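What follows is calculated from the coordinates using simple rules that are stated; it is not laboratory data. Note that the structure is a prediction, hence the values are computed from the model and not measured. All Cβ positions, even for glycine, are placed from backbone atoms using ideal geometry, and neighbour counts span all protein chains on display.
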Amino acid sequence: MYNKNQIYDDAQFINEQTLSFYANTNEEVLTLPVKGIVVEFPGLGGSSCLGGNIDMGAYNIYWTERFGEKGIIVTYMFPGPWSWGNKGAVRMADAVISALIKKYNLPDDIPVAVCGGSMGGLGSLMFSIGTKHNLKGVAAACPCTDVIKSLDCSPDFPRTYVSAVASYDKPLDVALRTISPIHRINNFPSVPYFICSDGEDNLFAEADCDLFVERLKAKGHDVEYYQQPGKLHGEFLPEVRERLHVFLEECILKG
């Protein structure tokens, strides 16, 4: 029963017993010992760069099984359909990682990598800025890199962006910039980045991704960047898709 006088922390709500309500994982195909954790943020409406979905259940597909064989846990987060990498999404992911650390008796500095496509790509970038865990790499596919510029790229997008930051105690344009990667260019950590764009992206223009990557590199960051001519939003060249997996694996196993 809820006690209004008790102080609650995240672990009382997000823990070993409740993990399945906050993320799907590949724990069923996991080979022990655990070497690291890959966090995946969903795209708008629940899309996935690895192949997951927002229906609760085991995350057992080709890509996550490959990770599991190497002792890498994959978590497909449920941060809400319109989260756009906001503070709540980062906090929830951090709590899920902490729960996994406790469940498997892992060191607090266990290597963590993050990935996502579209809104999830933005989410992975924003997670890198806000996480408290030992981040070793970031992968973002066809990410939104400029929230202000992309605010009306689709008629239903503005309400999703506004929903993501509606509770922020600041003017809306200022709040939106806090979840906009191009506006947070000075805040990114010194870890490897994997970024790919789609040449025929009808939502987030490849040129915007080019500019973001250019500015990341200008800040001295290690960025592996792939342009994908002719590809629509969310599509992959097979070799780029494979490289995304290997990149994440390397971040964990070399961490």
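Pick from Asp210, Asp169, Asp55: which is most flexible by mean-square fluctuation in a GNM of the chain where alpha carbon atoms under 10 Å apart are linked? For the chain, modelled as a Gaussian network with Cα springs under 10 Å, the answer is Asp169. For the chain, a Gaussian network of Cα nodes joined below 10 Å ranks Ala11, Ala139, Ala99 by mean-square fluctuation, and the top entry is Ala11.
Within the listed set Ile110, Ile195, Ile37, the Gaussian network model of the chain (springs between alpha-carbon atoms below 10 Å) gives the highest mean-square fluctuation for Ile110. Derived scalar couplings between HN and Hα for segment 10-24 equal 4, 5, 6, 10, 10, 8, 4, 7, 10, 3, 5, 7, 10, 6, 8 Hz in order, rounded to whole Hz, by the Karplus curve 6.51 cos²θ - 1.76 cosθ + 1.60 (θ = phi - 60°), x for Gly and Pro.
Count the net charge of all other residues whose Cβ sits under 14 Å from the Cβ of Phe21, scoring Lys and Arg as +1 and Asp and Glu as -1. Can you show the working numbers first?
Values: positive: none; negative: Asp10, Glu16, Asp55.
With Lys, Arg at +1 and Asp, Glu at -1, the net is -3.
Potential lengthening of the chain between Gln12 and Glu200 amounts to 63.2 nm, from the contour at 0.36 nm per residue minus the alpha-carbon distance. Placing a label point 7 Å from the Cα of Asn134 along the Cα-to-Cβ direction, the residues of segment 87-106 with a backbone N closer than 11 Å are 106.
Would you mind finding the longest exposed-site-free stretch of the chain, with exposed chymotrypsin sites (Phe, Trp or Tyr not before Pro) meaning DSSP loop and at most 13 other Cβ atoms within 10 Å? Working shown, then result.
On the way: sites that count: Tyr2, Tyr8, Phe13.
After excluding every exposed loop site, the longest remaining stretch is 14-255.
For segment 163-236, run through the trypsin sites (Lys or Arg not before Pro) and keep only the ones in DSSP coil with at most 13 other Cβ atoms within 10 Å of their Cβ.
The qualifying sites are Lys219.
For segment 173-214, the set of GluC sites (Glu not before Pro) satisfying both a DSSP loop assignment and a count of at most 16 other C-beta atoms within 10 Å is given as Glu200.
Which of rounded, prolate or oblate describes segment 74-213 when judged by the alpha-carbon gyration tensor and an a/c cut-off of 1.5?
Working: a/c = 1.93, a/b = 1.45, b/c = 1.33.
Because a/c hits 1.5 or more and a/b exceeds b/c, segment 74-213 counts as prolate.
For the chain, the alpha-carbon radius of gyration amounts to 0.96 times the rule-of-thumb value 2.2 N^0.38 Å expected for a compact globular protein.
When the Cα gyration tensor is reduced to axis lengths a ≥ b ≥ c, the ratio a/c is 1.5 or higher for segment 175-255, and with a/b not above b/c it is classed as oblate. Inter-label distance, Leu172 to Glu65: 4.7 nm, where each label sits 7 Å from its Cα along the C-beta direction.
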